[in-house]
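Trainee: Next up is a structure, given as structure tokens.
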There are 2 protein chains.
Amino acid sequence: MNLKELAEHLQLSPTTVSRALNGYPEVREETRRRVCAAAAALHYQPSHNARQLATGRSSTIAHVIQRSQHAALGAGFADSFEGFSDASSQQGFDTQLSVVDDDQEEVFYRELAASRRVDGVVLHAPTVNDERIKLLDELGLPFVVHGRSDVHVEYSWLDVNNRRAICRATDFLLDLGHQHIALLNGPEHMNFAARRRLGYIDAIKARGQGVEDRTMFSGSLTEAYGYNTTEKLLNNSPQVSAIVVCGIVPAFGALRALQTRGMTAGKDYSIVAFDDQLSHLQNSGDIPLFTSVRSSLRQAGTRIIELLIERITNPNSAHKGVLWEAELLVGQSTGRPPKAASTNGIQARDND
Amino acid sequence: MNLKELAEHLQLSPTTVSRALNGYPEVREETRRRVCAAAAALHYQPSHNARQLATGRSSTIAHVIQRSQHAALGAGFADSFEGFSDASSQQGFDTQLSVVDDDQEEVFYRELAASRRVDGVVLHAPTVNDERIKLLDELGLPFVVHGRSDVHVEYSWLDVNNRRAICRATDFLLDLGHQHIALLNGPEHMNFAARRRLGYIDAIKARGQGVEDRTMFSGSLTEAYGYNTTEKLLNNSPQVSAIVVCGIVPAFGALRALQTRGMTAGKDYSIVAFDDQLSHLQNSGDIPLFTSVRSSLRQAGTRIIELLIERITNPNSAHKGVLWEAELLVGQSTGRPPKAASTNGIQARDND
DNA sequence: CGTCTCACTCAAAGCGCTTTGAATCAAGCT
DNA sequence: AGCTTGATTCAAAGCGCTTTGAGTGAGACG
């Protein structure tokens, strides 16, 4: 069933039928009703392709993921895509997903733009200085960055205040009296990880202390990374009594390392995690397992699509940057440092 | 730059240019080279939409995920989609993703078919008796099921031999001498979970033992589920000395429950997990953490796309069912039951 | 009564590609 | 020379929709 057939069946021209279905005003209300009824009855559904060709828009949003950064999204994939898909389909957009080899990404974007197969792109996991942003800007393809990058181009983005979040997490541990706090960060060529590192340093320096390279780690946020790194810390850095872990997955790994040694989180050792609120690794309940700074990946997905659609429909509007604050949630995994390592000095300043 | 412009620039007709680019034989080799060179030089890229309309194919594969089953995919999302996306793009197909509310799924499929916006569909997480299969069959939309369903329709599918895998896992524990083994299954309205349950029962019954409802659990495969259920077992079922956990995520939860009690997996209690080989929750190394039956979700994704493309290109070909066997991998999480609970009876039969 | 509006409807021209059927021309055959 | 044949190339007809510009008739107005 196509438009022409439907029109013939209704004894109307395709023009009128098209207008009736698409809500144009130049059509009598009675006619519109008749058309809509027939369309429903005959299960008429306009051809997506034809409409796309005629209008020049594809009603599709692309998500391009570099293979190397694939792990970075890893556990959060499902949750963020629920957000993306929901918001997109609500506005009539399809969600397209491509995992692309790093060295082919530029070509891929160029083809994407030239073939006009998508109306916009969500840029994921930006690096510290992400060249893709410049590229997309040049290509004139509407896009929104999930995260940020220190690049001299105007663009729209949504990010969590990673620096502040980790600063607060570290502060919280300092306030509890921990003197030596380690950082288990993500890969530091990623913008989010670089900012988290800064947040950690901010907090330490604010107390007049110095940071040490041996207690700052960077790596892919897997469970094994959390476990192995914590193991290493327990072996080599006995003065450390708390860690800030930049993901709930490695936090579980860190916890396992403690438990394997018979240690208890919150008593013998403290953990604060960055929690993206993954549905299969929930950290909730009366007293959540982990003390954490948290922010919903799913909600971020939804908002990003809103920003992108705004750019698509109005390409000349001003760029928008949205910064979300993470929420600090006190759970079971933190406590005062054990007496041996405890301190009596500067402590519990009346700080935010 | 469109085809017509390129043709004018080359002093050729659009027909010839189109044929040259698409590898048709009716074009002189020298002409083809000239055309290809110009296309590359001018960054010509055919319009996806126009091609789609002209050919009647969309070169897009849809993945429709019910919101309620979204969690079921959860942790494995990223990995399976890496497989899907890779295989698809290699064959020139785009990957489209939709999370759909359960009650709107039928309508969604009908629209998908009527609007001809995708060439095929991957059906995820089928239930025991999945009506969507019948629907897709009626709609004439090519599809492949990731998993299986007990439904009276011919269709193509790829599944892991869940029943056998869990049977082997259970057998392995029985061979070690465990007399009371609990099952932490997924949601049992899902086909994969129903089969796993059967595998568990197969193994127990084969030893002439009976299964008990109180030691068989069913639920969404989260970390918390693994933790809470194991907690419950430790409290209420002291005779149980081993568990079969149907996912690596809840297995971590189960492990945490043990460790929280100061118990050691592989010594005080045994765990066998079903491992989908998730990249952020790797279970590898010299001696993997968990004894597991495993199967790669990523590889499954790749193969499923192959099957689907076969159906798309040749809709009348015979349907194909692919059954993969999981691999049993012995790790640190299993051992003989502790002496108290140990047995001297039927043990270590020379069974597969 | 003639002219203007307004409300509605339509024919036709794209959108940018593929594909069919026909045209052209040189070479091969009788 | 006349007819095939095969190798190239092309003009034109779609694919199914949107959109422009024009047309129609009824009522309003001078």
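The values are calculated or read from the model by the stated rules, or taken from the named source; none is laboratory data. Fair warning: this is a prediction, and the values are worked out from it, not measured in the lab. Don't worry about glycine lacking a Cβ; one is built from the backbone with ideal geometry, like all the others, and counts go over all protein chains shown.
Trainee: Restricting to the stretch B:282-296, and then to whatever is of a type outside the set (Ser, Thr, Tyr) and outside any loop (DSSP other than H, G, I, E, B), can you tell me which residue is farthest from the chain's Cα centre (by Cα)?
Mentor: Checking each candidate, the answer is B:Val293.
Trainee: Does the stretch A:286-295 contain any residue that is within 24 Å of A:Gln179 (Cα to Cα), more than 10 Å from chain B (Cβ to nearest Cβ), buried (at least 24 other Cβ atoms within 10 Å of the Cβ) and not β-branched (Val, Ile, Thr)?
Mentor: yes
Trainee: Tell me, which strands (runs of 3 or more DSSP E) wholly within the stretch B:41-128 include 2 or more residues that are of a type in the set (S, T, N, Q)?
Mentor: B:60-66, B:94-100
Trainee: Turning to a different aspect of this structure: Restricting to the stretch A:85-94, name every residue that is surrounded by fewer than 24 Cβ atoms within 10 Å (Cβ to Cβ) and at negative phi.
Mentor: A:Asp86, A:Ala87, A:Ser89, A:Gln90, A:Gln91, A:Phe93, A:Asp94, listed by residue number.
Trainee: Could you list all residues from the stretch B:1-27 that are in a helix (DSSP H, G or I), closer than 17 Å to B:Ala40 by Cβ and more than 10 Å from DNA strand C (Cβ to nearest atom)?
Mentor: Within the stretch B:1-27, B:His9, B:Leu10 qualify.
Trainee: Answer yes or no as to whether B:Tyr24 is of a type in the set (Phe, Trp, Tyr) and within 12 Å of DNA strand D (Cβ to nearest atom).
Mentor: For B:Tyr24, the condition - of a type in the set (Phe, Trp, Tyr) and within 12 Å of DNA strand D (Cβ to nearest atom) - is met.
Trainee: If you go through the stretch A:263-282 one residue at a time, how many are touching a residue at least 60 places away in the same chain (Cβ under 8 Å) and in contact with an Asp or Glu (Cβ under 9 Å, 6 or more places away or on another chain)?
Mentor: 6
Trainee: Turning to a different aspect of this structure: For the subset of the stretch A:230-281 comprising residues that are part of a loop (DSSP other than H, G, I, E, B) and in contact with a Phe, Trp or Tyr (Cβ under 8 Å, 6 or more places away or on another chain), which member is farthest from the other protein chains (Cβ to nearest Cβ)?
Mentor: A:Ser241
Trainee: Taking the residues in the stretch B:296-322 that are more than 16 Å from B:Thr60 (Cα to Cα) and charged (D, E, K, R) as candidates, determine which candidate is surrounded by the fewest Cβ atoms within 10 Å (Cβ to Cβ).
Mentor: B:Lys320
Trainee: OK, next. Restricting the first residue to the stretch B:44-59 and requiring it to be within 10 Å of B:Arg117 (Cα to Cα) and within 9 Å of another protein chain (Cβ to nearest Cβ), which pairs with a second residue that is hydroxyl-bearing (Ser, Thr, Tyr) and surrounded by fewer than 19 Cβ atoms within 10 Å (Cβ to Cβ) meet a Cβ separation below 7 Å and a spacing of at least six or different chains?
Mentor: Correct list of pairs: B:Gln52/B:Ser59.
Trainee: Same structure again: If we keep just the residues of the stretch A:9-21 that are more than 14 Å from chain B (Cβ to nearest Cβ) and within 11 Å of DNA strand D (Cβ to nearest atom), which is farthest from A:Arg51 (Cα to Cα)?
Mentor: A:Ser13
Trainee: Same structure again: Could you list, in sequence order, the residues of the stretch A:199-218 that are crowded, with 16+ Cβ neighbours inside 10 Å, in a helix (DSSP H, G or I) and among the aliphatic types (A, V, I, L, M)?
Mentor: A:Ile201, A:Ala203, A:Ile204
Trainee: For the condition touching a His at 6+ places or on another chain (Cβ under 8 Å) and within 16 Å of DNA strand C (Cβ to nearest atom), what is the one hit in A:Arg51, A:Arg117?
Mentor: Selected residue: A:Arg117, the only one of A:Arg51, A:Arg117 that is touching a His at 6+ places or on another chain (Cβ under 8 Å) and within 16 Å of DNA strand C (Cβ to nearest atom).
Trainee: For the stretch B:67-77, does any single residue satisfy the condition of being away from chain A (no Cβ under 11 Å) and among the charged types (D, E, K, R)?
Mentor: No, every residue in the stretch B:67-77 fails to be away from chain A (no Cβ under 11 Å) and among the charged types (D, E, K, R).
Trainee: Kindly check whether there is at least one residue in the stretch A:58-70 that is farther than 21 Å from B:His63 by Cα and within 16 Å of DNA strand C (Cβ to nearest atom).
Mentor: Among the residues of the stretch A:58-70, not one is farther than 21 Å from B:His63 by Cα and within 16 Å of DNA strand C (Cβ to nearest atom), which makes the answer no.
Trainee: Here is a list of conditions, (1) in a helix (DSSP H, G or I); (2) under 23 Å from A:Glu131 (Cβ atoms), and A:Val35 meets all of them except one; can you say which number that is?
Mentor: Just one mismatch for A:Val35, condition (2).
Trainee: Looking at B:Ser88, B:Ser115, can you tell me which residue is touching a helix residue (DSSP H, G or I) at 6+ places or on another chain (Cβ under 6 Å), within 11 Å of another protein chain (Cβ to nearest Cβ) and free of Cβ contacts under 8 Å to residues at least 12 places away in the same chain?
Mentor: So the residue among B:Ser88, B:Ser115 that is touching a helix residue (DSSP H, G or I) at 6+ places or on another chain (Cβ under 6 Å), within 11 Å of another protein chain (Cβ to nearest Cβ) and free of Cβ contacts under 8 Å to residues at least 12 places away in the same chain is B:Ser115.
Trainee: Another question, then. Pick from A:Ala39, A:Ala20, A:Ala62: which is under 24 Å from A:Ile309 (Cβ atoms) and either at pLDDT below 90 or of a type in the set (Gly, Ala, Ser) (or both)?
Mentor: Every option except A:Ala62 fails the conditions.
Trainee: Still on this structure, please answer the following. Condition check: surrounded by fewer than 24 Cβ atoms within 10 Å (Cβ to Cβ), more than 9 Å from chain B (Cβ to nearest Cβ), at negative phi and among the acidic types (Asp, Glu). Does A:Glu82 satisfy that?
Mentor: The answer is no for A:Glu82.
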